[in-house]
Amino acid sequence: MQLQLFFSVSVLYVLPHIVVATNPSEIPVADLVSHLNFLSAYQQRTSQINFELGLTYQLLADEVETAAGVSIILLGEDEFRRRAEESYTECLTEDPSNADALSNLANLLSDNHDENLTDSIIKLYERALSSDPLHLQAYLNYGMFLRQQIGRHKDAALIFERGLRSRPSSVTLSFELAFTKELLGENDVATSIYEEILAVHPHHTSALLNAAALYHKRFSIDDAIDFYSRALSTIGSYERDCFLDVQSTDDLFTLVRSPFTDYESQNKEACTCPSTDDVILIFKILSNNGLAFRQLGKYTESIQCFEEVVVLLLACEASSQPSKDLLSTSVDLFLSAKAGCFFSAWDWLGTLLSYLDELDLNDGVIPSLKPFDTLGLPVSPSWKRKVAKLAASPTELAAPRYKSDPTKDEKKLRLGFSSFDFSNHPTTFLFEGIVTANHDNIEILVYSYGPDDGSKARKNIVEKLGDPTDGGTFFDISSMSHEDATRVVCDEMLDIMFDMQGFTLGSRPQLMANRCANIQVNFLAYPGTSGASYIDYAIVDRHVATIERVADEFTEKLAILPRSYQANYFVDPIQIPIRGSAEWIEMRAKEGLSISRSVFVFANLNKQDKIDPSSFSAWLSCLARVPESVLWLLEPSQPGAAEIVKKNLRNRAKDAGILADRLVFAKRVHRLEHIRRMAAGDLFLDTFLYGAHTTATDAMRGGMPLLTLAGDSFSSRVGMSLLHGMNSNKASSLITYSEQEFVDAAVEIASAQRAYANSRPSGAKSIATLFIEPDANDDTSGNAIELFDWTSYSRDLDDLSRMMLELKHLTSKNMHLVKI
């Protein structure tokens, strides 16, 4: 998943003159009109009168949509802006050094920004500050114009810093500087500034919220939750107890209510709504807090946070359609329920998807549902593609920061690989073989922007590539700003850059958006399209994607490997216990499984958030049809999460007539031990929407076959790819195309295995059973199986890279490529 947090942001300021100590946006329209009539009565217009006229017209322009019935509003927004500009200009004709007029005119021109006016706006702000070096509003407006209107974040930071040299005690300038530093990727600097603000102003709500979000991004979740709680406590207008009383008191283990229908009967007038600005802050704080609880596995607390937001928004927003905030909250509510296996939330998923389609996708706005989250939902490939394109749109740049000539054959190829997950993570386990392999005239460079967890997997890659200070090619850019990290990558003049993150947790799309390489590739980590124009290719195989379906599923061209797209690397010796042996019996007993060979162990050791109701229902059908069988699942690592998930799944099994003790949960263990214990299972049952990837490979490496249902998109067809890589001659017996076929196949395999166990050695033996009981003479080193042949995989990837570059050199285009 992606970590999408809300921060408190500011709006452009105008200088209030009409009512002292009043925010201009809060002045009633009637008062503005009255003041305008008062000013218009003057026969002789001084510079001050013209300034007041300009400001009044400017404020009225912002009120056009909310002031129906006021006759002067019929002039329209454009006319008000024209009159405001005319009045400010007349003021400056008489008083050219009027800093207030200069600043407000620049502010006015920046609305609906015309690129042709950029230089003029900047000159106006500079004139204002030259006239009055202490002009706080000018510094604020100037900096936010640079940041918000034209995206010059570094220049904006310089303006805020310049303002603080003149106004060192300004909390607002400090806040804006901190937020700008966040946007620049300088999170440590931003955190320090927020902490300085809070040392003097401990109840500064926005500083508390943003500091919490930065702790959250650094995975200091407990600290984040503490700061979110402190931020919420500062909003005195929020009658929280009242809103909590209105909130659902249902047992979440029975029902997670729909945000669209199940709250309609609530009394929306029961509680006094906070101000609009406070509602926005509460929404952000509780939404982030709900996400933090989800990451800790505290799913009930997470759901309750989002339900509280639903109640607040339904009570305080007047709209016949769900607002963008309500839609976003509803998505998070569903995802928290999904992560905790609260299957009742799936009952209103269809309504949620309809609203997302109508209000997000059709309007072309950044979707409330993130691309990663679509992988585990029943939506079409084209729907996922549309979500990805919209999600990638903010990172699109008008022009690449770097452009090189395509590599010629005589030059050594430089291939870069970037990821957040160079750690004890599946991506690193898969990638290690590429680093280890011998590459003919190719140099491998790695860019890590995630934390160093000190794991063996990371150390192996660092040791093989070396530190850049010693001429190595493992670059740790985790603490660098986006600009500095981009410079480090671009300076290496890469031929191809492989993005091994996509829309997953920790992603840093700015690196790819700056296009530091001639060709850029979506590779290995994210089983779907990037949606980005700056990603040229997706590495796939003929099972997970085809050229015939590419228009519906991908924005990239396809680069098709002759083997499974998934790289694998197994070198540590793994002794798989022989079924029925003393070691096997001991392993089963340790896992809480029956030691009888006649008891069939169905398994799925994915994380629980991949389990959907349809898959789980099919697994329960398998248990119902195979009496002497159990379902072996992975227990979440957090104690609170484990308790919730086990309760939900056992309740679901009970409803289907399956005894709770037929669900057995495995504790998390070291990877090698995890692979070795796979021999305790008999058949790995895949999930239907988002299938097993690395977990399926581990299962087969440990001697347990995979049964999969081939879906219509990349994420649901990986099992097919892995099975063909494992044993292409027998793969078809373990690939199904409907839920009924899946259950029937699972039952057939279980029956064949039990018959074999009860009549060995002469019992019936199906093709599928050969996966379960390999011959004693089979090579178990993994090197003889295509799926585990990492040297050949690396060679194919190198060849495909050369094909991409050669094609680009010859045609200046990217085209679909197939490596035979």
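The values are calculated or read from the model by the stated rules, or taken from the named source; none is laboratory data. A quick note: this is a predicted structure, and the numbers were derived from the prediction, not measured. Here Cβ is always computed from backbone atoms with ideal geometry, including for glycine, and neighbour counts include all displayed protein chains. Each accessible area value is taken on the protein alone, full model and side chains, heavy atoms only, with ligands, DNA and RNA left out. Shrake-Rupley method; radii C 1.70, N 1.55, O 1.52, S 1.80 Å.
Here are some notes:
- Of the residues in region 220-240, none is within 20 Å of TRP348 (Cα to Cα) and part of a loop (DSSP other than H, G, I, E, B).
- GLU591 meets all of the listed conditions (1) open to solvent by less than 50 Å² (accessible area, probe 1.4 Å); (2) modelled with pLDDT of 95 or more; (3) more than 17 Å from GLY702 (Cα to Cα) but one, namely (3).
- In region 364-394, of all residues being among the hydroxyl-bearing types (Ser, Thr, Tyr) and either within 18 Å of the chain's Cα centre (by Cα) or surrounded by 18 or more Cβ atoms within 10 Å (Cβ to Cβ) (or both), the one that is modelled with the highest pLDDT corresponds to THR374.
- Residue check for ASP682: open to solvent by 20 Å² or more (accessible area, probe 1.4 Å) and of a type in the set (Asp, Glu): no
- Residue check for GLY290: crowded, with 21+ Cβ neighbours inside 10 Å, at positive phi and in contact (Cβ under 8 Å) with a residue 40 or more places away in the chain: no
- Residue within region 704-718 that is over 15 Å from HIS543 (Cα atoms) and not hydrophobic (A, V, I, L, M, F, W, C) present: yes
- Checking each residue in region 489-539 for being hydroxyl-bearing (Ser, Thr, Tyr) and out of contact with any Gly (no Cβ under 8 Å at 6 or more places or on another chain) picks out THR504, SER507, THR529, SER533, TYR534, TYR537.
- Single unsatisfied condition, ASN777 versus (1) open to solvent by 80 Å² or more (accessible area, probe 1.4 Å); (2) modelled with pLDDT of 95 or more; (3) not in a helix (DSSP H, G or I): (2)
- Selection count where residues are touching a helix residue (DSSP H, G or I) at 6+ places or on another chain (Cβ under 6 Å) and modelled with pLDDT under 95, scope region 458-484: 1
- Complete set of residues in region 693-730 that are part of a loop (DSSP other than H, G, I, E, B), within 21 Å of the chain's Cα centre (by Cα) and surrounded by 24 or more Cβ atoms within 10 Å (Cβ to Cβ): SER713
Per-residue answers, yes or no, for (1) β-branched (Val, Ile, Thr); (2) open to solvent by 30 Å² or more (accessible area, probe 1.4 Å):
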position: ALA538; (1), (2): no, no
position: VAL544; (1), (2): yes, no
position: ARG549; (1), (2): no, yes
position: GLN566; (1), (2): no, no
position: GLN575; (1), (2): no, yes
position: ILE578; (1), (2): yes, yes
position: GLU586; (1), (2): no, yes
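Results for (1) of a type outside the set (S, T, N, Q); (2) at pLDDT below 95, shown as yes or no for each residue.
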| position | (1), (2) |
| --- | --- |
| VAL256 | yes, yes |
| THR261 | no, yes |
| ASN267 | no, yes |
| ILE282 | yes, no |
| ILE285 | yes, no |
| ASN288 | no, no |
| PHE293 | yes, no |
| LYS298 | yes, no |
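- Checked against the criterion of being among the basic types (Lys, Arg), in contact with an Asp or Glu (Cβ under 7 Å, 6 or more places away or on another chain) and in contact (Cβ under 8 Å) with a residue 12 or more places away in the chain, the candidates LYS338, LYS386 yield just one match: LYS338.
- Residues of region 529-546 satisfying the condition of being closer than 10 Å to ASP499 by Cβ and of a type in the set (Val, Ile, Thr): ILE535
- Matching residues, region 435-454, being closer than 29 Å to ARG218 by Cβ and in a helix (DSSP H, G or I): VAL435
- For region 651-679, residues that are part of a helix (DSSP H, G or I), among the hydrophobic types (A, V, I, L, M, F, W, C), over 24 Å from GLU628 (Cα atoms) and open to solvent by 40 Å² or more (accessible area, probe 1.4 Å) total 1.
- Selection of first residues in region 225-248 that are free of Cβ contacts under 8 Å to residues at least 40 places away in the same chain and among the polar types (S, T, N, Q) and of second residues that are part of a helix (DSSP H, G or I) and open to solvent by less than 30 Å² (accessible area, probe 1.4 Å), restricted to Cβ pairs under 6 Å at least 6 apart or on distinct chains, gives the following pairs, ordered by first then second residue: THR234/THR205.
- Residue check, ALA337 out of contact with any Ser or Thr (no Cβ under 7 Å at 6 or more places or on another chain), assigned to a helix (DSSP H, G or I) and under 28 Å from LEU634 (Cα atoms): yes
- Residue selected from region 478-492 under the condition part of a loop (DSSP other than H, G, I, E, B) and either over 16 Å from LEU183 (Cα atoms) or small (Gly, Ala, Ser) (or both), by the criterion least open to solvent (accessible area, probe 1.4 Å): SER481
- Filtered residues of region 493-511 (kept if under 20 Å from the mean Cα position of the chain (by Cα) and either open to solvent by 10 Å² or more (accessible area, probe 1.4 Å) or modelled with pLDDT under 95 (or both)): ASP499, GLY502, PHE503, THR504, LEU505, GLY506, SER507, ARG508, PRO509, GLN510, LEU511
- Residue check for ASN783: touching an Asp or Glu at 6+ places or on another chain (Cβ under 6 Å), under 24 Å from HIS439 (Cα atoms) and either modelled with pLDDT of 95 or more or not in a helix (DSSP H, G or I) (or both): no
- SER130 over 17 Å from LEU55 (Cα atoms), of a type in the set (Gly, Ala, Ser) and part of a loop (DSSP other than H, G, I, E, B): no
- Residue match in region 144-166 (condition: open to solvent by 10 Å² or more (accessible area, probe 1.4 Å), charged (D, E, K, R) and over 29 Å from THR486 (Cα atoms)): yes
Yes/no matrix, rows are residues, columns are (1) at pLDDT below 95; (2) open to solvent by 70 Å² or more (accessible area, probe 1.4 Å):
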{"residue": "SER169", "(1), (2)": "no, yes"}
{"residue": "SER174", "(1), (2)": "no, no"}
{"residue": "GLY185", "(1), (2)": "yes, no"}
{"residue": "ASN210", "(1), (2)": "no, no"}
{"residue": "CYS242", "(1), (2)": "yes, no"}
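- For region 92-130, the set of residues classified as of a type in the set (D, E, K, R) and either crowded, with 22+ Cβ neighbours inside 10 Å or over 23 Å from LEU59 (Cβ atoms) (or both) consists of ASP100, GLU115, ASP119, LYS123, GLU126, listed by residue number.
Conditions (1) touching a Phe, Trp or Tyr at 6+ places or on another chain (Cβ under 6 Å); (2) of a type outside the set (D, E, K, R); (3) at pLDDT 95 or above, marked per residue:
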| site | (1), (2), (3) |
| --- | --- |
| LEU109 | no, yes, no |
| HIS113 | no, yes, no |
| LEU124 | no, yes, yes |
| ASP132 | no, no, yes |
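- Tally, over region 623-641, of residues that are open to solvent by 10 Å² or more (accessible area, probe 1.4 Å) and assigned to a helix (DSSP H, G or I): 4
- Residue tally, condition open to solvent by less than 30 Å² (accessible area, probe 1.4 Å) and over 21 Å from the mean Cα position of the chain (by Cα), over region 346-363: 1
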